[in-house]
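What follows is a single structure, written as structure tokens, with notes after it.
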Amino acid sequence: MTQARPRPGAHSRQLRRCRARVSSGRPPRTVLASTLWTGRPLIGEQADGSAVIVYATMTPLPLIDKATKDPPAELLGHTRASVLKLVFKERTTTELARELGVSAATVSGHTKALRAARLIVTMRAGKAVLHSVTPLGDRLLESAGSSPSGCHGG
């Protein structure tokens with residue numbers, strides 16, 4: 001199946017229909033909305049000093065130019081993402097608090113949220129509370145490149 005190509009000049013006819021004149025005491029500017037242009041806005045100067053601005057009416061994805069350095073931290077917050085990464089090896093609340101430099105109460109709040117999202121499981125062993133990553137948490141970190149390969153919580 002072949003895709004229909006626009007007729008020659010169709011783009012300029014479409015742009016002419018969507019023109020808007022913007023003036024504020026300066027040389028006039030023509031703003032053109034384009035469904036065919038997907039790049040950043042284009043600005044061109046005409047011989048008479050007026051300007052033409054062409055912008056895309058549809059925004060291509062991704063909207064972010066740069067990849068984030070730590071996607072789980074962007075999603076979950078830095079401390080919560082650190083908890084999730086650390087529980088690849090089963091750890092107690094106290095161990096997590098010590099390693100992160102936060103209180104046990106803070107760790108408990110983060111583990112509660114991670115448990116509710118089914119990213120970790122928690123088991124009691126005597127007085128200790130042990131946390132480990134679930135397959136879902138493992139997949140989340142693996143897809144973000146944050147999972148130690150072949151390492152799963154117990």
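Read-outs: derived from the displayed coordinates by stated rules, not from any lab. Values in this document were obtained by computation on a predicted structure and should not be read as measured data.
Mean separation of Cα pairs under 8 Å and 6 or more residues apart, divided by the residue count, gives segment 71-143 a relative contact order of 33 percent.
The slack in the chain from V102 to A116, taken as 0.36 nm per residue of separation less the alpha-carbon distance, amounts to 3.0 nm. Taking θ as phi - 60° and the Karplus parameters 6.51, -1.76 and 1.60, the scalar couplings of segment 126-135 work out to x, 7, 7, 10, 9, 10, 8, 6, 8, x Hz in sequence order, x denoting glycine and proline.
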